[in-house]
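Asker: First the structure, then my questions, so here it is.
Only the coordinates and a few stated rules stand behind these numbers; no lab work does. Quantities reported herein were computed from a predicted structural model and do not represent experimental measurements. So basically every Cβ, Gly included, is an ideal-geometry build from the backbone, and we count neighbours across all protein chains shown.
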Amino acid sequence: VTLSRELQLIAGEFMEHQVQSDSHLSYLCQCAALNRGGLTPTTTVHIATHSVVDTRDGAKYTVQVVHSAALLLSMILVYGREQRLLAMAHLIGADSLPSRDQLDSNL
């Protein structure tokens, strides 16, 4: 099966956004931030919202890039139709990867 895509990026601008404590964004920031203690009711993040369109079939994806120095957060969210979250990527801490000593020597 071959799937060929021709994608066009419609770039948005970064804008400052206050994170509401009971929002879906707040939940995602709490999951992805390396400094979770920095998340307060007045926390702000910078968000750029981009559109990615497949020029062949018209499929449209919304991509949000979220940054916060205070939270030690860089996160990418990809949404499909009806704003359904399809993928999430974010920074990980140095303690998230195994050390050489923790790896199986047969690998």
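Asker: Taking the stated definitions as given, is Leu86 surrounded by 10 or more Cβ atoms within 10 Å (Cβ to Cβ), out of contact with any Pro (no Cβ under 7 Å at 6 or more places or on another chain), part of a loop (DSSP other than H, G, I, E, B) and in contact (Cβ under 8 Å) with a residue 12 or more places away in the chain?
Answerer: So Leu86 fails the test.
Asker: Name the residues in the range 17-54 that are in a helix (DSSP H, G or I) and crowded, with 16+ Cβ neighbours inside 10 Å, would you?
Answerer: Of the residues in the range 17-54, the ones in a helix (DSSP H, G or I) are 24-32, 36-38.
Scanning the range 17-54 gives Leu25, Ser26, Leu28, Cys29, Ala32.
Asker: So Tyr61 passes all but one of these: (1) exposed (fewer than 15 other Cβ atoms within 10 Å of the Cβ); (2) within 18 Å of Val78 (Cβ to Cβ); (3) touching a strand residue (DSSP E or B) at 6+ places or on another chain (Cβ under 8 Å). Which condition number does it fail?
Answerer: Status for Tyr61: all satisfied but (1).
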